[in-house]
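Engineer: Would you mind keeping the following structure in view while I ask a few things?
The values are calculated or read from the model by the stated rules, or taken from the named source; none is laboratory data. Please read all numbers here as calculations on a predicted model, not as lab measurements. Here the Cβ positions follow ideal geometry from the backbone for every residue, glycine too, while neighbour counts run over all protein chains shown. Note: areas computed on protein heavy atoms with side chains; ligands, DNA, RNA excluded. Shrake-Rupley method; radii C 1.70, N 1.55, O 1.52, S 1.80 Å.
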Amino acid sequence: MSVPKTLQKFLRSDCCRAECTLGKRHDYGEQYCGKCGKPCCWMTKM
């Protein structure tokens, strides 16, 4: 699932609760943890 850029600032990684970055597509989408760099599931921070 791709997330619109306007919502990227509200995403946090499920593993480290850090901001997500975009990268190569994986099983959960294109988000990676900004702290540990692993492919991640994400949650919203609103």
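Engineer: Are any residues in the range 1-21 among the hydroxyl-bearing types (Ser, Thr, Tyr) and either part of a strand (DSSP E or B) or free of Cβ contacts under 8 Å to residues at least 12 places away in the same chain (or both), and if so, which ones?
Structural biologist: THR6, SER13, THR21
Engineer: Let me confirm something: among LYS24, LYS35, which residue is open to solvent by 90 Å² or more (accessible area, probe 1.4 Å) and not in a strand (DSSP E or B)?
Structural biologist: Numbers: LYS24 fails: not in a strand (DSSP E or B).
Of LYS24, LYS35, the one residue that is open to solvent by 90 Å² or more (accessible area, probe 1.4 Å) and not in a strand (DSSP E or B) is LYS35.
Engineer: Turning to a different aspect of this structure: Can you name every residue in the range 6-21 that is on the phi < 0 side of the Ramachandran plot and open to solvent by 40 Å² or more (accessible area, probe 1.4 Å)?
Structural biologist: Within the range 6-21, THR6, LEU7, LYS9, PHE10, ASP14, CYS15, CYS16, GLU19, THR21 qualify.
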